[in-house]
Amino acid sequence: MARAMSPQQLRIALFSGNYNYVRDGPTQALNRLVGFLLDRGAAVRVYAPVTKTPAFEPTGDLIGVPSLAVPGRGEYRLALGLPPRIKRDLAAFAPNMLHLSAPDILGHRALSWGRRQNIPAVASVHTRFETYVAYYGLGFLAPAAVAIQRRFYRRCDAILAPAPSMAEILHAERMNFDIGIWSRGVDRTIFTPAARSLPWRRSIGIADDEVVIGFLGRVVLEKGLGVFADVIAELERRQVRHRVMVVGQGPARDWFAERVPSAVFTGMLANGDLGRAVASMDVLFNPSVTETFGNVTLEAMACAVPVVAARATGSTSLVEDGVTGRLIAPDDIAGYADALQAYALDRDLADDHGMAGEAKAGAFTWDAINRAVLDKYLQVIARRGG
């Protein structure tokens with residue numbers, strides 16, 4: 001019987017459309033995974049687009065691949081594939097596992113290269129790309145997007161979903177027979193109720209008695225900004241005292257500011273500054289239906305902040321309706337407003353749900369979560385007889 005491979009024998013080539021040039025949930029998860037793998041003796045080489053102004057320093061060895069700016073979304077890059085120099089680099093690295101983080105051109109070309117070399121491949125699912133097209137008037141393309149993803153994921157040995165709710169959708173769409181869970185963790189040294197700061201709130205113009213409704217994440221239309229703005233307008237119509245705090249940056253910032261003129265925009269924050277901002281919210285409002293996990297939801301829960309979220313993938317695996325927050329039908333403006341109004345008027349309710357959320361967040365530790373990815377690599381290689 002062949003001896004099982006050890007983590008120290010792994011040589012992983014990871015392909016990503018964005019590894020560090022824009023900071024978001026997926027890039028932070030990928031960098032944490034690479035750090036975890038390196039700490040356990042695995043060799044990792046990352047292939048992704050690079051820019052002269054990355055959002056943060058990459059973890060591990062990053063090899064730049066040819067790319068172009070995405071039309072209309074210039075902050076993102078579209079990787080163009082595997083030119084000869086990248087194939088030579090791959091051959092010299094000699095990976096025994098491919099990790100593909102997106103069904104883009106780079107992912108498809110890397111998967112084809114790996115199949116020719118008989119190298120197993122595991123894909124992680126980070127975004128519901130088929131939901132994005134509706135926000136740009138291209139909803140008719142959703143079936144084609146699902147078909148492209150199915151072709152990609154079914155050629156992989158296994159895929160990893162970030163939450164059980166997303167895994168159920170992938171099963172229903174017949175994306176792969178082997179669907180595991182790679183959840184997300186939260187850094188409790190950053191995201192903690194102790195980081196809450198009324199002096200900081202005052203410094204950005206928020207009064208102590210104002211109920212802060214927070215938005216956290218990339219300021220882009222697909223995060224549900226239209227729904228968010230409509231709900232805030234409904235709260236104002238009801239004369240519910242509140243203040244909106246927007247933590248993040250993105251191309252829809254000016255559009256959002258025009259729709260929610262009383263909002264305070266902090267811009268992009270990181271580390272302790274980010275933890276302080278999240279803990280200083282009174283409720284997080286996350287109407288996005290494009291999430292596969294919902295990192296921002298977990299970060300708010302860790303800060304004992306109740307969450308009002310869309311009843312959609314990601315959030316349904318984190319928020320327990322009526323216990324740690326509220327789950328509302330995605331387009332139910334009145335329902336969202338009712339939930340936010342209840343927290344604004346009943347601070348004991350908000351505190352109870354916030355504390356329940358903090359307790360649930362305690363189970364999401366990065367080491368245990370990333371161990372599941374390592375175990376999947378080794379399982380796939382063993383199944384292949386490697």
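Nothing in this text is a laboratory measurement; each read-out follows from the coordinates by a stated rule. Note that this is a predicted model, so its numbers are computed, not measured. Positions of Cβ are backbone-derived with ideal geometry, glycine not excepted, and every protein chain shown enters the neighbour counts.
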- Message: Counting only Cα atoms, I'd like the Rg/Rh figure for the stretch 242-371, Kirkwood definition for Rh.
- Response: 0.95
- Item | Taking the C-alpha atoms of the stretch 225-268, convex hull volume expressed per residue in Å³ | 59 Å³
- In terms of the Cα gyration tensor, with a ≥ b ≥ c the square roots of its eigenvalues, is the stretch 175-299 rounded because a/c is under 1.5, prolate because a/b exceeds b/c, or oblate? oblate
- Message: I need the helices of the chain that pass two filters: whole DSSP H segments spanning 15 Å or more by Cα along the axis, and mean Kyte-Doolittle score no lower than 0.0.
- Response: 25-39, 225-237, 333-345
- Computed FRET value (nearest 0.05) for A329 with M5, which takes r as the C-beta separation and R₀ as 35 Å: 0.15
- Note on the structure: With no solvent term and unit scatterers on the alpha-carbon positions of the stretch 1-69, Debye gives log₁₀ I(q)/I(0) at q = 0.13, 0.20 Å⁻¹ of -0.39, -0.78
- Item | When each of K87/K376; K223/K376; K52/K376 is checked by Cα-Cα distance, pairs over 28 Å | K223/K376; K52/K376
- Item | For the chain, convex hull volume per residue from C-alpha positions, Å³ | 137 Å³
- Item | Where trypsin sites (Lys or Arg not before Pro) fall in DSSP loop in the stretch 200-238, at most 16 other Cβ within 10 Å | R238
- Item | Semi-axis lengths (Å, descending) of the ellipsoid that matches the C-alpha gyration tensor of the stretch 50-117 | 22, 15, 11
- Item | Ellipsoid equivalent to the stretch 321-374 - semi-axes via the Cα gyration tensor, in Å | 29, 16, 6
- Message: For the stretch 30-118, which trypsin sites (Lys or Arg not before Pro) pass both filters: DSSP loop (anything but H, G, I, E, B) and at most 16 other C-beta atoms within 10 Å?
- Response: R40, K52
